[in-house]
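Below is one structure, written out as structure tokens; the observations come after it.
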Amino acid sequence: MDRSSDTAHQLVSDIARRLLVRVAEGDADALGSLYDLTSRAVHRLALLLTRDAEAAACLTIRSYERAWAEAATYDARQASPLVWLLAFVRAESEDLAPAA
């Protein structure tokens, strides 16, 4: 990655962190902004995990519902906002997997 890409990535992470603080305070508009900022990556992972457009859409929604419910637990020292969201996608995909 070049320096301008690193700077852009850091800017997006900083914006997402500020939005998560607002989401933790119950700001639904901030959740919408966080969705707008990150949903392409979240949905892309959901598609890779499910290989089904409808299931991926459901998984994406469930992941943001979980982000809404757990925003107060976000710790920037542990992960970037996007990594934190992608962990929800992964966890939720395991919940959607059929029992063996």
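Every read-out reported here was derived from the displayed coordinates using simple, explicitly stated rules and does not represent laboratory data. Keep in mind that this is a model prediction, so the values were computed, not measured. Positions of Cβ are generated from backbone atoms using ideal geometry, with glycine treated the same way; all protein chains shown enter the neighbour counts.
Helical content of the chain, expressed as a calculated mean residue ellipticity at 222 nm, amounts to -27000 deg cm²/dmol (DSSP H runs of 4 or more residues, -39,500 (n - 2.57) each, divided by residue number, nearest 500). Counted residue by residue at 0.36 nm each, then reduced by the alpha carbon distance between them, the extension gain from VAL21 to CYS58 reaches 10.8 nm.
Quick one: angle between helix 3-24 and the longest Cα principal axis of the chain, in degrees between 0 and 90, rounded to 10, please. Between helix and principal axis, roughly 70 degrees.
Please quote Rg/Rh for the stretch 13-62 to two decimal places, taking the Kirkwood radius as Rh and restricting both calculations to Cα atoms. Could you put the intermediate results ahead of the total?
Numbers: Rg = 12.1 Å, Rh = 11.4 Å.
Checking Rg against Rh, the ratio lands at 1.06.
When only the Cβ of Lys, Arg, Asp and Glu is charged (+1, +1, -1, -1), the dipole of the stretch 3-96 relative to its Cα centre reaches about 340 debye. Over the stretch 7-100, the ratio between the Cα radius of gyration and 2.2 N^0.38 Å evaluates to 1.06.
The listed peptides 7-14, 20-27, ordered by packing as a protection proxy, come out as 20-27, 7-14 (highest mean of other Cβ atoms within 10 Å first).
Look at the dipole of the stretch 3-96 built from charges on Cβ: of TRP84, VAL12, SER39, the Cα furthest out on the positive end belongs to VAL12.
What is the local net charge at ASP29, summed over the other residues whose Cβ is closer than 12 Å to its Cβ (Lys, Arg +1; Asp, Glu -1)?
Numbers: positive: ARG22; negative: GLU25, ASP27, ASP36.
My count for the surroundings of ASP29 gives -2.
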